Amino acid sequence: MTALLSVDGLSKRFRTRHGTVKAVDGVSFDVARGETVALVGESGCGKTTVALSLLRLIEPDGGVVQFEGAELAGSGGQAWRQRLSIVFQNPYSSLDPRMRIRDIVGEPLVTAYGLSGKALSERVARHMSEVGLGPEHMKRFPHEFSGGQRQRIAIARAIALEPQLLILDEPTAALDVSVQAQVLNLLQDLQKRLGLSYLFISHNLATVESVADKVLIMYLGRVVEAGPVSEVFARPRHPYTQALLDSVPSIDPSHRGRLKPVTGELPSTLNPPPGCAFAPRCARATSECRASPPPLVAIGDGRAHACLHPLE
Amino acid sequence: MAESILDIADLTVTFPGLERTVQAVRGVDISVDRGEVMGLVGESGSGKSMTALAILGLVPPPGRVSGSIRLAGEEIVGAPEAVNERRRGKKAAMIFQNPGKALNPFFTIGRQLVDAIANVRRIDRSAAERAALEALNAVRVADPKLALQKYPHQVSGGQLQRAMIAMALACEPELLIADEPTTALDVTIQAQVIVLLRDLARERGLTVLFITHDLGVVGSLCDRLAVMYAGRIVEQGTTDQLFGAPAHPYTANLLKAVPMLGRGRVALTQIPGTVPNMSNPPPGCAFHPRCPAATPMCAESMPTSKADSKGHAVACHHPIGASIARPAEASA
């Protein structure tokens, strides 16, 4: 069966005054229908550049992006918007403060289908009820809503054109802790009802574990490990994945001594190490690791890693 | 009995306005012993940062502070600003969420460290520079000499936060207040800073008040916790008590609402509603509109905090578990 979204060798470089940054360097993955794939990594690893490239909000330099086995014509535009959409991290900056909710959610419908009047109102009301908001909210402005409600509005707008895939870029990171569960549960519920696929971008491993089927771990523009979440988190093969897992503070007091942070910091994206980008922080690194970046190799059971000396 | 460094009693902070008055802190009691790492946990608007600012005497106008804050035996509330100014850095030092904003971009890190240390400890600049180097070493900055010469934009966020911790440490405060110091950092760097603070507390007997919204962070760092909701402390106790047997429904539900690594793919417990607006907090227990255990009594009377014999205190009419104080019959 062909995947809903298939990404092969996606690359994006940015030229800056100080040199060229390889923000995304040959990233490949598939997303099946109804599946949640998480893209995990720290700042500068390229996860947001992947998202923006898929949306054609930036033009990638290389790589092939296919929907259901076919490349979409053109770059961006309606064909794309009707396939995939995005929910951004911060609903305080992603909603226009001067627009009413009806117009925020309805705007894609006006642009794509030229809907107006009653047809538009009914459609907007439908999408708002899908995210748990009533029609009485339509005439209000974003500032009248709490963070959790704003994120619901952003989700209603994102699903207005009935896309097959939603990109969720840290959708709960800006929300209060007690409200995050509401939004995560809503997303799970929508996925079941509408058969959506999600590309879930996050740096929070605990959140990823609770929502995702598959996970891609990125480090400095490359995927270093991929596979089913339960497998990868239980038995990480790449030392960076292990380092991330060891860095998650635990709520369990018996785990208090177990925080084992990896030393060192993320290298500069302007001047990355020549070999494996993680080698300078890696206890297992050898001269081979520093020579050239190891390729991502499949190891069966849907798992893959890019490491010459993987963990057992 | 351990010596207490910080004693806060019935602290309130209000911001009067023309149309509405914001009650940021509504009667907080906390005490922190020497050498203890105390976590103050709450969501945005719970009053945790305002509590911290009050300890430093830094509540911005038109904020009004009442109650008592005794820091190393001295009263902060009502003291003249000139007196509180001399206490800052020395009695209590603070590190902030965003180290990039806490330092001046126009001066080197060294200049800013030396200025602060010389001023607070009343020592000359060469002694202050030695203290700065020593502190940078203690916070494990790779090359302290080089770090002193750099401008804030030339180093990473993790290194900047270490420099801020060094600045605070070199002033030899009785209490270090850390306000979400790891929130802006990457996961692996956050873990480094947590381990650093934990080691400093152990090795130097540093007393820390650690403010955060992240339950995982306090779980791996703090000895004791106070959970704040809508300007009040709803539960207080050791980390083991609160995480092992939370007594307040807010604490208990928050623990189930936050994804935790190792739980697998599970549906999260939802806490309905949102954090209250502090210009108009709900009457009675502020959590009652969101609480599954709420009864009419909860909307009428504000529960007072009651502690059991082990020091686990909860402010709830219907606490979870019988070991905690029984529901107050009619305190209205």
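The values are calculated or read from the model by the stated rules, or taken from the named source; none is laboratory data. These numbers were taken from a predicted model, which means no experiment stands behind them. All Cβ positions, even for glycine, are placed from backbone atoms using ideal geometry, and neighbour counts span all protein chains on display.
Does any residue of the stretch B:120-136 turn out to be in a helix (DSSP H, G or I), of a type in the set (S, T, N, Q) and modelled with pLDDT of 95 or more?
yes
Somewhere in the stretch B:184-205, is a residue away from chain A (no Cβ under 14 Å) and either farther than 27 Å from B:Arg122 by Cα or buried (at least 24 other Cβ atoms within 10 Å of the Cβ) (or both)?
Looking through the stretch B:184-205, none of the residues is away from chain A (no Cβ under 14 Å) and either farther than 27 Å from B:Arg122 by Cα or buried (at least 24 other Cβ atoms within 10 Å of the Cβ) (or both).
Look through A:Val110, A:Val27 and report the one residue that is among the aliphatic types (A, V, I, L, M), touching a residue at least 24 places away in the same chain (Cβ under 8 Å) and on the phi < 0 side of the Ramachandran plot. Talk me through it step by step, then tell me what you get.
Details: A:Val110 fails: touching a residue at least 24 places away in the same chain (Cβ under 8 Å).
Result: A:Val27 is the single residue among A:Val110, A:Val27 that is among the aliphatic types (A, V, I, L, M), touching a residue at least 24 places away in the same chain (Cβ under 8 Å) and on the phi < 0 side of the Ramachandran plot.
Is it the case that the stretch A:53-76 has a residue that's within 18 Å of A:Val131 (Cβ to Cβ), among the polar types (S, T, N, Q) and modelled with pLDDT of 90 or more?
The answer is no; no qualifying residue exists.
This table checks each residue for (1) assigned to a strand (DSSP E or B); (2) touching a Pro at 6+ places or on another chain (Cβ under 6 Å).
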site	(1), (2)
A:Asp8	yes, no
A:Gly26	yes, no
A:Ser53	no, yes
A:Gly63	yes, no
A:Asp96	no, no
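Could you count how many residues in the stretch B:240-269 are crowded, with 19+ Cβ neighbours inside 10 Å and without any contact (Cβ under 8 Å) to a residue 60 or more places away in the chain? Step through it out loud before you land on a result.
To start, the set of residues in the stretch B:240-269 that are crowded, with 19+ Cβ neighbours inside 10 Å comprises B:241-243, B:246-254, B:257-261, B:268.
Now restrict to residues that are without any contact (Cβ under 8 Å) to a residue 60 or more places away in the chain: B:243, B:250-251, B:253-254, B:257-261, B:268.
Of the residues in the stretch B:240-269, 11 are crowded, with 19+ Cβ neighbours inside 10 Å and without any contact (Cβ under 8 Å) to a residue 60 or more places away in the chain.
Looking at this structure, is A:Ser268 surrounded by fewer than 21 Cβ atoms within 10 Å (Cβ to Cβ) and within 14 Å of another protein chain (Cβ to nearest Cβ)?
So A:Ser268 passes the test.
Enumerate the helices (runs of 4 or more DSSP H) found wholly within the stretch A:158-241, keeping only those where 3 or more residues are modelled with pLDDT of 95 or more and out of contact with any Lys or Arg (no Cβ under 8 Å at 6 or more places or on another chain). Full working, then the answer.
Details: elements: A:177-194, A:205-211, A:229-234.
It comes to A:177-194.
Which of the numbered conditions does A:Pro228 fail, given that it passes all the others? Conditions: (1) buried (at least 22 other Cβ atoms within 10 Å of the Cβ); (2) closer than 23 Å to B:Gly264 by Cβ; (3) within 12 Å of chain B (Cβ to nearest Cβ); (4) in contact with a Gly (Cβ under 9 Å, 6 or more places away or on another chain).
In the conditions (1) buried (at least 22 other Cβ atoms within 10 Å of the Cβ); (2) closer than 23 Å to B:Gly264 by Cβ; (3) within 12 Å of chain B (Cβ to nearest Cβ); (4) in contact with a Gly (Cβ under 9 Å, 6 or more places away or on another chain), A:Pro228 misses (1) alone.
Being away from every other protein chain (no Cβ under 14 Å) and under 26 Å from A:Ala181 (Cα atoms) narrows it down to one residue among B:Pro282, B:Pro259, B:Pro249; which is it?
Numbers: B:Pro259 fails: away from every other protein chain (no Cβ under 14 Å); B:Pro249 fails: away from every other protein chain (no Cβ under 14 Å).
Just a single option satisfies the conditions, and that option is B:Pro282.
Going through the stretch B:212-247 one residue at a time, which ones are more than 14 Å from B:Met38 (Cα to Cα), in contact with a Cys (Cβ under 8 Å, 6 or more places away or on another chain) and not in a strand (DSSP E or B)?
Of everything in the stretch B:212-247, just one residue is more than 14 Å from B:Met38 (Cα to Cα), in contact with a Cys (Cβ under 8 Å, 6 or more places away or on another chain) and not in a strand (DSSP E or B), namely B:Ala247.
Kindly indicate whether B:Lys91 is within 14 Å of chain A (Cβ to nearest Cβ) and surrounded by 22 or more Cβ atoms within 10 Å (Cβ to Cβ).
It is false that B:Lys91 is within 14 Å of chain A (Cβ to nearest Cβ) and surrounded by 22 or more Cβ atoms within 10 Å (Cβ to Cβ).
Would you be able to say whether some residue in the stretch B:76-97 is closer than 17 Å to B:Cys222 by Cβ, under 15 Å from the mean Cα position of the chain (by Cα) and assigned to a helix (DSSP H, G or I)?
No.
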